[in-house]
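Working notes, structure below.
The values are calculated or read from the model by the stated rules, or taken from the named source; none is laboratory data. These figures come from a predicted structure and were not determined experimentally. Cβ atoms come from the backbone with ideal geometry, glycine included; neighbour counts cover every protein chain shown.
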């Protein structure tokens, strides 16, 4: 079972993920946790088993943005390192370069292509 933490300041993202992954959730393939800010994500991460966490984080959020969150995750959770996929409405080269330089494992653009996301999730160990 893969434990996934979705970090996005838009509350409707939770309903969207639960709807798009309902079959996989029912089968026990995935469990989801949701945080609506970088600060909330760090708080949740401190209570989770790091070995089974994959993080999908929006970049543009009030307060701590996704890049700041990514930096904190990659410096604090070294072993085993969580897989972090950054999500943004702006798929420009600058965001991609910044995400990669901070240690992002992947980069997705909104609106999310859930088939592509599921394919990527299935290739993660």
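For the reader, a short list of remarks on this structure follows.
- The lone exception for residue 89 - which of (1) closer than 15 Å to residue 114 by Cα; (2) surrounded by 14 or more Cβ atoms within 10 Å (Cβ to Cβ); (3) under 15 Å from the mean Cα position of the chain (by Cα) it fails: (2)
- Among the residues of the stretch 68-85, those identified as buried (at least 17 other Cβ atoms within 10 Å of the Cβ), closer than 14 Å to residue 53 by Cα and under 14 Å from the mean Cα position of the chain (by Cα) are 70, 73, 82, 83, 84, 85.
- Residues of the stretch 92-105 satisfying the condition of being closer than 18 Å to residue 53 by Cα and surrounded by fewer than 17 Cβ atoms within 10 Å (Cβ to Cβ): 103
- Boolean, residue 56 is touching a strand residue (DSSP E or B) at 6+ places or on another chain (Cβ under 9 Å) and either surrounded by 16 or more Cβ atoms within 10 Å (Cβ to Cβ) or modelled with pLDDT under 90 (or both): yes
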